[in-house]
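Worksheet for the structure shown next.
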Amino acid sequence: MIKYINEELTDIDELESENYTLELQNLRDKYKDSMGFENVERSIEELPILLECKDRIKEKFDLVLVCGIGGSYLGARAVTEAVKGQLFNYKSGLKMLFLGNSLSSNHIKEVMDIAQGANPCVIAVSKSGDTIETLISFQIIRKFLMEKYADYEDRIFLITNQKSGRLKNFKSAKECGFFKVHEDVVGRYSLLNNVGLLPMAIADVNVEQLLKGALDYKRYLKDVDLKDNPSFLYALSRKKFFERGKKIEILCTSNPALEYLLKWYVQLFSESEGKHKKIIYPNYLIYSQDLHSMGQFLQEGPNDIFETYINFAHNPIDYKVDLEEINPYYYKDLREYSLNLLNQKTIKATKDAHLKNDIKTSEISLDRLDEYNLGQLLYFFMASCSISSMLFGVNPYDQPGVEEYKSIFKDIIR
Ligand code: PA5
């Protein structure tokens, strides 16, 4: 099972544990209507229809255009790239492109040029059904499909709420063209629902295993004491780091395929917690890439940072490198290094170096990078973020700041 390791976190005594249990229970009662992300069982029940739709899409089309932003975008891309690799679209088979996350004509044109030469369909994802970036990109694609294909309605798939918003107006009579977003599931917590699962399944992510991992971790949390609960320990560590002046959290990995997972974490924590002035600023770095840029900043810049490393213990893919020919200084007893071993040494060197600038580190540890472990990791982060926000005294499930931007923007373009 996933572990959270912070060697500096001292044991929590009985009384402290009882107090936290009570406090969190009260807050859970308060926010229960927004905690639908915990209902993994419901996602499992709904899976057969989603998988049937996935099969139809894969059979009929060779390009899937996914329109969405924020929580209606990042999760699907995060898991797809983590499992299938950043370069998944270069492999044979169906391609998937994301848009709606910017209003860049350049990006949209690039996508449309590709769509011209393909056999595309579109999945538009928006819980509110009213997000302007999503609607604009959807409208451009919809027009294109209408002009080019008589069966354009069969090429449109919507994931949105059933009651309000403009997106649902484009619902066709086709059975599998519409998936609902449950009221109790908040955008950035929605990747284990239709919102994330449909695009992931189309990209051949094993969503059954993903949900199994999440469910097993959820069940594990039920049986474990609060003082051994990894999500709680991570949340508590963040709070303690913050109280000691560490105001910035950097989530780190040495696998670039996790970049969008880290972006999802940034979105999850910043939208959930960023509601008063004294709060952790979440960000991410990818090593070695960023050791040759931000590494300098961490080494000699302000030391109000703590790093959280994501570590997978086993990686079946491992290149061997003969170091002797490229640099004789290094070889000693380590003449033939594997890249996995080199990565471990890099991380050790990074932690040791950063500690010299009092950058504290802790680790989220998993067995391997596969769907089952990712399911645990996603649920771990969502549970941690909920607890952490509650410990900081903010509502984890609203985003009034984002809504503010959305409403000003709508007024401006009215
Ligand atoms: O987490 C959130 O609620 C937000 O990031 C939303 O996901 C984002 O604003 C997109 O909203 P919608 O799904 O309504 O289009």
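The values are calculated or read from the model by the stated rules, or taken from the named source; none is laboratory data. The model shown is predicted, which means the values in this text are computed figures rather than measured ones. Ideal geometry is used to build each Cβ from the backbone, glycine not excepted, and the neighbour counts take in all protein chains shown. Surface areas here come from the heavy atoms of the whole protein model, side chains and all, with no ligands, DNA or RNA. Shrake-Rupley method; radii C 1.70, N 1.55, O 1.52, S 1.80 Å.
To the nearest ten degrees, helix 371-391 and the longest principal axis of the Cα atoms of the chain are 80 degrees apart.
Between the helical axis of 339-355 and the dominant principal axis of the chain, each derived from Cα atoms, what acute angle in degrees is found, rounded to the nearest 10? Approximately 60 degrees, to the nearest ten. Expressed as a whole percent, the accessible area of the range 179-283 that falls on carbon and sulfur atoms is 48 (1.4 Å probe). If you look at the Cα atoms of the chain, you get an Rg and a Dmax of 22.4, 69 Å.
The DSSP beta bridges internal to the chain are antiparallel in roughly 15% of cases. Can you check what the net charge comes to around Met96, using other residues whose Cβ is under 14 Å from the Cβ of Met96 (Lys, Arg +1; Asp, Glu -1)? That sum, taken over residues with Cβ under 14 Å, equals +3.
If ligands, DNA and RNA are left out, what is the accessible area of Arg188 with a 1.4 Å probe, given in Å² to the nearest 10? Its heavy atoms expose roughly 10 Å² to the probe. Of all aspartates and glutamates in the structure, those lying under 17 Å Cα to Cα from Lys320, and not within fewer than 8 positions of it along the same chain, are Asp333, Glu336.
For Leu99, nonlocal amide neighbours, meaning residues 5 or more places apart or on other chains whose placed amide H falls under 5 Å from its own, are Val66, Cys67, Gly68. The long axis of helix 74-84 is offset from the longest Cα principal axis of the chain by roughly 70 degrees.
Only Cα pairs under 8 Å and 6+ residues apart enter the sum, and on that basis the relative contact order of the range 167-290 stands at 21 percent.
Rolling a 1.4 Å probe across all protein chains gives Ile387 an accessible area of roughly 20 Å². Computed per residue of the chain from DSSP H runs no shorter than four, each worth -39500 (n - 2.57), the mean residue ellipticity at 222 nm is -15000 deg cm²/dmol. Within the chain, the cysteines lacking any other cysteine Cβ closer than 4.7 Å to their own Cβ are Cys67, Cys121, Cys252, Cys385. Computed with a 1.4 Å probe over protein heavy atoms only, the accessible area of Ser92 comes to about 110 Å².
Candidate cross-link partners of Lys351 among the aspartates and glutamates, defined by an alpha-carbon separation under 12 Å and a same-chain spacing of 8 or more, comprise Glu307, Glu363.
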